[in-house]
Amino acid sequence: MTAPRTLAGILPALTGKALGRRGLAFGGLIAEWPSIVGARMADRTSPFRIVFPHGQRENAVLHLRVASAVALDIQHLEPQIVERINTFFGYKAVAKLKLIHATMTRAVRPAPRPRPLGTAEAEAIATAAATIPDDGLSEALARFGRALATAKPKN
């Protein structure tokens, strides 16, 4: 009988073979895609495969599935996306993107509901904003303060 092994110990061996056949040598790219490009862009794109030049592990072409409606935006953002990917890897792993038009099947996450603003908080924000002599700036800062106060949970 063999000793129990951790999932973290056997997962690279299992996924390396499956992902390697399609050129997805970097499974971490898939797992971390939303943190690399942002949640909004991750809902509209997904890495499909990485194709490296023969015998090299840099200057690859990343095949990226994109929703047709945002393909032009992604094309314009290509330099920034490539820079973020290479920052993630720590070297120039990807040189360019190849866009593949596809229907994205990710579920859209609902926006978090703001918490209600308490009376004392609203008065404190209004009092602080009232000290600003410019009325337009005062109102803008009050709206900003209310937005910040309702965005995070009350401790």
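Brief remarks on what is shown
- Failed item in (1) in contact with a strand residue (DSSP E or B) (Cβ under 6 Å, 6 or more places away or on another chain); (2) at pLDDT 90 or above, with Ile125 passing the rest: (1)
- Test: residue in the range 56-66 that is in contact (Cβ under 8 Å) with a residue 12 or more places away in the chain, within 30 Å of Thr150 (Cβ to Cβ), buried (at least 16 other Cβ atoms within 10 Å of the Cβ) and not hydroxyl-bearing (Ser, Thr, Tyr): no
- Among the candidates Ile132, Ile85, Ile74, residue that is in a loop (DSSP other than H, G, I, E, B) and surrounded by 14 or more Cβ atoms within 10 Å (Cβ to Cβ): Ile132
- Residue within the range 14-28 that is modelled with pLDDT of 85 or more and part of a helix (DSSP H, G or I) present: no
- Here is the figure for the range 58-71: residues that are closer than 18 Å to Thr103 by Cα and in a loop (DSSP other than H, G, I, E, B) total 1.
The values are calculated or read from the model by the stated rules, or taken from the named source; none is laboratory data. What you see is a predicted model, and the numbers here were worked out from it, not measured in a lab. A quick note on method: Cβ atoms are made from the backbone with ideal geometry, for glycine too, and the neighbour counts reach across all protein chains shown.
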